[in-house]
Amino acid sequence: MLNLLLALQDFAGAVKADVRLLHKVPHPFVGAFDSLAALMMKKWTHLGETPLVEYFKTLWLTERKMWGRAHVEPGDPSTNNGQERKHRVLKDLQDHKRLPLA
């Protein structure tokens, strides 16, 4: 059982490393992003992780494809964390109360 848990942790770490590498492909190398994603899908399929491959293809390579740095112009943020932080300050000032609409 312990060996299985260690194997799962190793695989989870490998997936995380693969996704981080894919995210770091710089702009404007969208072709490299697509090629690397295809190689990742082959690797994961070879390891028997077909459900993960289908999930990743459907959600992260089709519906939300613009998440990697390859799709973001240099100087533009790849996340909206800065905007969310500003929203948090506003919510804190309002004590997280909803304002009336009328």
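The values are calculated or read from the model by the stated rules, or taken from the named source; none is laboratory data. These numbers come from a predicted model, not from an experiment. Here the Cβ positions follow ideal geometry from the backbone for every residue, glycine too, while neighbour counts run over all protein chains shown. The accessibility values were calculated without ligands, DNA or RNA, using every heavy atom of the protein model including side chains. Shrake-Rupley method; radii C 1.70, N 1.55, O 1.52, S 1.80 Å.
Worth a mention:
- In the range 31-102, the trypsin sites (Lys or Arg not before Pro) that fall in loop regions by DSSP, at most 16 other Cβ within 10 Å: R64, K97, R98
- With the simple spin-label model, which puts each label point 7 Å out from Cα in the Cβ direction, the F29 to F11 separation comes to 2.9 nm.
- Cut-off 11 Å between beta-carbons: net charge of the residues surrounding L61, Lys and Arg +1, Asp and Glu -1: 0
- Chain lengthening between R98 and L21 when straightened (0.36 nm per residue, less Cα-Cα): 23.7 nm
- The heavy atoms of T62 present about 100 square angstrom of accessible area, all protein chains included, probe 1.4 Å.
- What the Cβ-Cβ distance of L90 and W67 gives, at R0 = 25 Å and to the nearest 0.05, is a FRET efficiency of 0.45.
- For the chain, the share of accessible area belonging to carbon and sulfur comes to 61 percent (1.4 Å probe, ligands and nucleic acids excluded).
- In the chain, lysine pairs closer than 25 Å at Cα, eight or more apart or cross-chain: 15
- For the chain: Kirkwood Rh in Å [reciprocal of mean 1/r, alpha carbons]: 16.5
- Spin-label model distance (nm) - S78 vs K57, 7 Å beyond Cα toward Cβ: 2.4
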